[in-house]
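Peer 1: Shown below is the structure under consideration.
FYI, it's all coordinate maths here, none of it is from the lab. As the structure is a prediction and not an experimental result, all values here were calculated from the model. Please note: Cβ atoms are built from the backbone with ideal geometry, for glycine as well, and neighbour counts cover all protein chains shown.
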Amino acid sequence: MQLIPCPWCGPREEAEFHYGGQAHVAYPEDPAALSDEDWAKFVFFRANPSGPYAERWSHSAGCRRWFNAVRDTRTHDLLAIYRLDEPRPVTS
Amino acid sequence: MTDLPEHPDFLWDNPEPKKAYDVVVVGGGGHGLATAYYLAKVFGITDVAVLEKGWLAGGNMARNTTIIRSNYLWDESSGIYEHSLKLWEGLEEDLGYPILFSQRGVLNLAHTLQDVRDSVRRVEANKLNGIDAEWVDAAGVKEICPIVNTSPDVRYPVLGATYQPRAGIAKHDYVAWGFARAAHELGVDLIQNCEVTGISTRDGRVTGVETSRGRIAAGKVGLCAAGHTSVLARLVGLDLPLNSHPLQALVSELLEPVHPTVVMSNAVHVYVSQAHKGELVMGAGIDSYNGYGQRGSFHIIEEQMAAALELFPVFARAHLLRTWAGIVDVSPDASPIIGLTPVENLFLNCGWGTGGFKATPGVGDVFAATIARGKPHEYAEPFTLDRFTTGALVDEHGAAAVAH
């Protein structure tokens, strides 16, 4: 079982975590100005890379806090763990 | 049970790719091979190449649980899945090749009162669409599949099930080989070890593909790469509303025939049939995270095994032989995306999520028609890419039978 390093609790088993999908998807600043295409992009379209991916995880069976991770979707290697208010680290 | 056919020496050539084709199909799995076959057979388009980065049918086609059924809720899904089931029913004859299609029926179990209501609703919807379906109670489940534990004293008791008698399984390898052989005989080039690394366009129109074996010009290009379609589409700057996840399955050692049908449970996340040779074939829910690694998390298998043992106490001493994962491309409404793209002559067939195998002949026919005519086949019309903009979704999470 994969160990995921929670920034607050340390490495814990994957089964303690909940996956939150792509990170850094910001709610539109001016929702009323969005076209149907823009709404579709915001609601339905997510990056789906084969390689490093910035995503959200919640330590739902532990401290219950959210954090971000950069994970390689080919190998499942966690390349970086960082807080929600931090920018995506350079991992290459 | 049908006898297994002898393994043939060869079924197709391994030609060098030509410089140009009328149609290039990217992806040599079930969908790509079926598309090429129907392009040649129905539309007389034989200048076709199927490009496969690995070996034919070595991706999801080799990694699924081979279940075939058409008991979906919405009219749009019924249309395409029932079209496919009807083609399955004549496929051995059509291909001239055994595929071990066994219409042993499928039970979709209900474990809660809400499950029961949803199931009965789906049965009635199926009937209105001319699809064989019935509701059976727990005693009926026991009659159809005696090894199911229908005791009321378990955590998630079986309250009943939907039953589709025409559903079943087929031998996935033979399905792929049958399509490959038949397509090859009609003149289609099947090119393995040929990875697409670029898609070239001019004036908004596709002109060909760059591959690990050189540039191949194409009048039309059809993408049939299942879980990897997002990666291909990015080559031409196209974003898709898909997330690719590992979907795990496993088989037991060979056992005597004990399991006469297919049993699926959405609530406790396991689906089981017994392969022709005797392995118990079991599928689970998808892993929550995105992944391309063709392996998944151990705790998913653990939950799947727990569910299987509660439903089938007789499996307690069966040994697990091997596990694997396919990469499924899940769309927001759990329905496929088939049709045109903003790039002229570039066509899309993806988003089948966990449901692709059962659609193989149906989507081959429908996607071939879409490519040949340059407009969606009537069964593909509801499954356009722009439904995510218009909001005309076909929300089939309830009938997908796998926890997306």
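Peer 1: Taking a 27 Å limit on the Cα-Cα distance, which of the listed pairs B:K41/B:K171; B:K127/B:K277; A:K41/B:K358 fall beyond it?
Peer 2: Correct reply: B:K127/B:K277; A:K41/B:K358.
Peer 1: Further, regarding this structure: Please compute the net charge surrounding B:S265, taking Lys and Arg as +1 and Asp and Glu as -1 over other residues with Cβ under 10 Å from its Cβ.
Peer 2: That sum, taken over residues with Cβ under 10 Å, equals -2.
Peer 1: Treat the count of other C-beta atoms within 10 Å as a stand-in for reagent exposure and order B:L100, B:L311 from fewest to most.
Peer 2: B:L100, B:L311
Peer 1: Over the whole of B:291-301, what's the average partner chain Cβ count within 10 Å per residue? Rounded to a whole number, please.
Peer 2: 4
Peer 1: Additional query: Where does the charge balance sit around B:W324 when Lys and Arg score +1, Asp and Glu -1, over other residues with C-beta under 9 Å from its C-beta?
Peer 2: Here the charged neighbours net out to +3.
Peer 1: In addition: On average, how many beta carbons from a partner chain sit within 10 Å of the beta carbon of a residue in B:234-242?
Peer 2: The mean count of partner-chain Cβ atoms within 10 Å per residue comes to 3.
Peer 1: Next question, about the same structure. Taking each residue in B:91-100, count the Cβ atoms of any other chain within 10 Å of its Cβ, then average. What number comes out?
Peer 2: Per-residue shielding by partner chains comes out at 0.
Peer 1: Further, regarding this structure: Dipole of chain A (Lys/Arg Cβ +1, Asp/Glu Cβ -1, origin at the Cα centre): which of A:L34, A:G10, A:S92 lies farthest to the positive side?
Peer 2: A:G10
Peer 1: Among B:C194, A:C6, A:C63, B:C350, rank each residue by its count of other Cβ atoms within 10 Å, from fewest to most, as a rough exposure measure.
Peer 2: By the 10 Å Cβ count, ascending, the order reads A:C63, A:C6, B:C194, B:C350.
Peer 1: Going by how many other Cβ atoms sit within 10 Å of their own, how do B:Y289, B:Y97 line up, fewest first?
Peer 2: Result, fewest neighbours first: B:Y97, B:Y289.
Peer 1: Suppose every K and R has +1 on its Cβ and every D and E has -1 on its Cβ; what is the size of the dipole of chain B about the Cα centre, in Debye to the nearest 20?
Peer 2: 540
Peer 1: Additional query: Determine, from the Cβ-Cβ distance of B:V258 and B:F10 and an R0 of 51 Å, the FRET efficiency 1/(1 + (r/R0)^6), rounded to the nearest 0.05.
Peer 2: After rounding to 0.05, the efficiency reads 0.90.
Peer 1: With a 10 Å radius around each residue's Cβ, average the other Cβ atoms per peptide and rank B:167-179, A:34-46, B:30-42, B:205-217, highest first.
Peer 2: For the peptides B:167-179, A:34-46, B:30-42, B:205-217, the packing ranking is B:30-42, B:167-179, B:205-217, A:34-46.
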